[in-house]
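One structure is given below, encoded as structure tokens.
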Amino acid sequence: MNKLWGKRFQKGPSALAAAFTSGRDVRGTPPADERLIPYDIWGSRAHVVMLARQKIIPRGDARLLIAGLREIGRFSEKGKFKLDPAQEDVHSNVESWLNKKYGPEVSGKLHTARSRNDQVALDMRLYLRECNLEFVSGLSSLIQTLIRLGQKHRETLTPGYTHHQPAQVTTLGHIWVSYASAFSRDVRRFQDWYSRFNENPLGSMTGYGTTFPIDRDLTSRLLGFDRPSESSLDPIQNRWEAEADLGFAVCTMMNHLSSLAQTLILFSTAEFDFLKLDDAHSTGSSMMPQKRNPDPLEVLKAKASVAQGLLVSLLSIGKALFLGYNRDTQWTKYLIMDLVDETRSAAPLLVEILSSVKVHSKQMAERSQKGFIAAPEVVEQIVRAGRISFRQAKGAVERAIRYAEKEGLDRLTLPLLQKASQEEGLRFKVSEAFIRQSQKSDVFISRRAAAGGPSPGALEKNISTFARTLQESKLWLKQKALQQALAQKLLAKMEKTL
């Protein structure tokens, strides 16, 4: 049976849009600790290398443990390492597998100078770090798309809005670049998270350290961290904090994405008719043949709300925790994973949508001439030409608009402005040509040349700034990826020397 709609569309939803909108309707989520297997293996390999180099365990046993851990890693990549619920968690499953292969004399040495407290804190930190880089990558692609569209539409006139009402004329390019500005802040927020939390909790044990002569600087290098945690207790007691901080960065990003989504939804309605969403990002109705629904954008807004709820739960779990580890914090793992799952595809989805959206520039330009939308410009030009205060000029123009509306007009005329100014007790001379020129959208757009404004020159400078910022974020991503790759390479090299 075919799906219940779609014959009016030339193509169906994109794979990304379909997966994003279907959510958990037709697919489930894997167990939380299944996601942690590769991080647990990486952390254990680094831990074993350190134990051997510090002569805490024999090198022969270390070689066996490394071989077993690598084998588990290969099985996991093929989907053949299944977690046994009876073993409680990923850590116990890994050690149980090694115990069956090598016996307790060897496998029992894996947990030397380590607790599940610092082990899971490490696994989660590695997971969160990778998620962080994924969000930065998605945002970078979105910013690049918005910069390109900002350049393309730097002279495409459109009404700007406040309170959902026409306010002043701007350009579509100015709007796109404004969102690039918000997403650039989001990138910096994720980068700040990385610099704050890219530190190694391994070696904290239960939070109170160990008598074994461990080398936390070595494991930090082998795991791509900038440093070990300064306190052994802090990362155990505040296991919720890195999760909540990342969750806040995600929620702020989702608020910005949700704002963009709502703008696209309204601009694509029949009432606005400024944009048309591609078939790949629209859905139909099971009953109404004519419908083109912006489902992916609506779902994105819902996910922004879901993310905020999960963030509040993360923060709530983090309150009133007694000294040391508390089992409460285990639930932060589930909350942050759900939050990431709901949001990780949002920025890539907007890249798809924006890259294929059709702009109705003629309709936008026509609407940019209606509804006294040029009135603020008339006020400014009167002030500049007539040497009266802004408040006086605004009062005269407001009165003139009232008279124009009574006559069924949607533009100011010289006689009406003269009448209004006389009643306001003002004296200034303006011509019919002055009034017409002040209400020409392309003219007053060019006059808004202050930094950040919509004039082509100001917008070009803005675009150049964000283009440089984008290149910096791409370089940052490469540096972090290289740091992790070098850590993996160093780990493999040191394993061979055992």
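Tabulated data
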| read-out | value |
| --- | --- |
| GluC sites (Glu not before Pro) within region 205-298: DSSP coil, no more than 12 neighbouring Cβ in 10 Å | 230, 271 |
| Relative contact order of the chain, pairs being alpha-carbon contacts under 8 Å that are 6 or more residues apart, as % | 20 percent |
| Trypsin sites (Lys or Arg not before Pro) restricted to DSSP loop in region 307-390 with at most 11 other C-beta within 10 Å | 319, 387 |
| Under the Karplus curve 6.51 cos²θ - 1.76 cosθ + 1.60, θ = phi - 60°, whole-Hz ³J(HN,Hα) for region 324-337, x wherever Gly or Pro sits | x, 6, 10, 5, 3, 5, 4, 6, 5, 4, 5, 5, 6, 5 |
| Other-chain or far-sequence residues with amide H under 5 Å of residue 170's (modelled H) | 158, 160 |
| Within straight-line cross-link reach of residue 358, aspartates and glutamates at Cα separation under 20 Å, skipping those fewer than 8 residues along the same chain | 155, 271, 273, 278, 279, 295, 298, 366 |
| Mean separation of Cα contacts under 8 Å (6+ apart) over length of region 375-439, as relative contact order % | 38 percent |
| Expected-Rg normalisation [2.2 N^0.38 Å, Cα atoms] applied to region 375-439 | 0.97 |
| Under the Karplus curve 6.51 cos²θ - 1.76 cosθ + 1.60, θ = phi - 60°, whole-Hz ³J(HN,Hα) for region 36-50, x wherever Gly or Pro sits | 8, 3, x, 6, 5, 5, 4, x, 5, 4, 4, 5, 5, 4, 5 |
| Cβ-placed point charges (K, R +1; D, E -1), dipole of the chain about Cα centre in debye, nearest 20 | 1220 debye |
| With Cα atoms, 0 to 90° folded angle of helix 346-356 axis to the chain main axis | 40 degrees |
| Descending semi-axes in Å of region 27-112, equivalent ellipsoid built from Cα gyration tensor | 24, 13, 11 |
| Fraction of beta bridges assigned by DSSP in the chain that are antiparallel (%, nearest 5) | 80 percent |
| Rounded tilt (10° steps) of 172-197 against the dominant C-alpha axis of the chain | 20 degrees |
| Across 82/109; 11/370; 109/489; 276/480; 55/493; 152/394, pairs whose alpha-carbon gap is larger than 29 Å | 11/370; 276/480; 152/394 |
| Residue 271-residue 366 pseudo-label distance in nm [points 7 Å out on the Cα-to-Cβ vector] | 1.8 nm |
| Per residue, the convex hull volume that the Cα atoms of the chain enclose (Å³) | 190 Å³ |
| Angle in degrees between helix 414-423 and the longest Cα principal axis of the chain, rounded to the nearest 10 | 90 degrees |
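None of the figures in this text is laboratory data; all of them are computed from the coordinates on show. Please read these numbers as outputs of a predicted model, since none were measured by experiment. Cβ: placed from backbone, ideal geometry, glycine included. Neighbour counts: every protein chain shown.
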